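Please read the structure below before turning to the comments.
The values are calculated or read from the model by the stated rules, or taken from the named source; none is laboratory data. It should be emphasised that the depicted structure is a prediction, and the values quoted were computed from it without experimental measurement. Cβ coordinates were reconstructed from backbone atoms using ideal geometry, including for glycine residues, and neighbour counts include every protein chain displayed.
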Amino acid sequence: MEHATPFLVTTSRTGRGILSSAKQRAERIGAPFVSRMEIPLTVFFEQYNALGIWVENSEAPIVQTRKGELGYHEGTAALRTKKKRTGIDALVRALDLQPDDQVLDATLGMGFDALVIAANLGDAGRVTGLEASPLLCELVRCGLSDYQYTSPRLVKAARRISAVCERHEIFLEQCAPNSYDSVYFDPMFESTIERSSSMQRMREIAVHDPLTDQSLDLAMRAARRRVVIKCRRIQPGKFTFHEFIPSGRSVGYGVILRGGGADLT
């Protein structure tokens, strides 16, 4: 199924010295470039019925949505990767990470989980992050290379992550069996648990497709050891897991071991 995602690329109001880079960005993203001049972004939203507008500037780029501005940041990864933090992160436990693991994060989003995963890998470990939204993927890709992280651990983690703009079902179809040690899904919930304004803005430009049984089957083929799915703690009848790792009161991580199965209804 084709999904219309009306995105635009423009510049900050002045646009000095960044016109060429903005046009290159538009080509990379696959979105039309629109000259900004002094035109308010609200005009572009109405004129083009846009969901998100990439704004190139001389500092860090931002994505403007109808609900506000979205910029890359390290988010919850900063707290979750602190060395003095008590206990092992629930996602790290669910993935049973080994230093040299190759992990596929099939729903990259803002990349917070990918940073946590990568921070718990060794130098040979890698995370491939798939993001179907071209604006969101490009925002994370820029952040991974240019953001000023608050800890050396996150700087190293960012270098272990590759952001790929692709729908996970298409990418997984092309994966050979046992391509990754584990595959991770964080499907977009129908109603977000996170109440932050950043999460609400991200939802404006994200792809909301639910996880299907076909994608799960492809993930099981691509994973050597396990598939992990983030879900609500109370989700009767939807998934069957070999293990469930709680994370807070509302959500957790379901673990499906290779050789087992999970039923989606």
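Residues are listed down the side, and each one gets a yes or a no for (1) outside any loop (DSSP other than H, G, I, E, B); (2) buried (at least 21 other Cβ atoms within 10 Å of the Cβ); (3) in the same structural domain as D217 (by TED's automatic domain parsing):
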residue: R13; (1), (2), (3): no, no, no
residue: S21; (1), (2), (3): yes, no, no
residue: E46; (1), (2), (3): yes, no, no
residue: R93; (1), (2), (3): yes, no, yes
residue: L108; (1), (2), (3): no, yes, yes
Next on the checklist: From the list T81, T42, T65, exactly one residue is in contact with a helix residue (DSSP H, G or I) (Cβ under 8 Å, 6 or more places away or on another chain), among the polar types (S, T, N, Q) and not assigned by TED's automatic domain parsing to the domain that holds F112. Which is it?
Outcome noted: T65
Checklist entry - Which is within 17 Å of the chain's Cα centre (by Cα), assigned to a strand (DSSP E or B) and buried (at least 22 other Cβ atoms within 10 Å of the Cβ), of L130, L115? => result L130
Next on the checklist: So A31 passes all but one of these: (1) among the small types (G, A, S); (2) outside the structural domain of R167 (by TED's automatic domain parsing); (3) closer than 28 Å to A223 by Cα. Which condition number does it fail?
Outcome noted: (3)
Next on the checklist: Restricting to the range 58-89, name every residue that is part of a strand (DSSP E or B) and out of contact with any Gly (no Cβ under 6 Å at 6 or more places or on another chain).
Outcome noted: Q64, G68, E69, L70
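So that you can scan it fast, the table gives a plain yes or no per residue for (1) modelled with pLDDT under 85; (2) out of contact with any Asp or Glu (no Cβ under 7 Å at 6 or more places or on another chain); (3) assigned to a helix (DSSP H, G or I); (4) of a type in the set (D, E):
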| residue | (1), (2), (3), (4) |
| --- | --- |
| A219 | no, yes, yes, no |
| R224 | no, no, no, no |
| V228 | no, yes, no, no |
| I234 | yes, yes, no, no |
| K238 | yes, yes, no, no |
| F244 | no, yes, no, no |
| G261 | yes, yes, no, no |
Checklist entry - Considering only residues of the range 166-184 that are in contact with a helix residue (DSSP H, G or I) (Cβ under 6 Å, 6 or more places away or on another chain) and assigned to a loop (DSSP other than H, G, I, E, B), which is surrounded by the fewest Cβ atoms within 10 Å (Cβ to Cβ)? => result P177
Next on the checklist: I need every pair where a residue in the range 136-154 that is within 16 Å of N57 (Cα to Cα) and modelled with pLDDT of 95 or more has its Cβ under 7 Å from the Cβ of a residue that is outside any helix (DSSP H, G or I) and polar (S, T, N, Q), sequence separation at least 6 or different chains.
Outcome noted: none
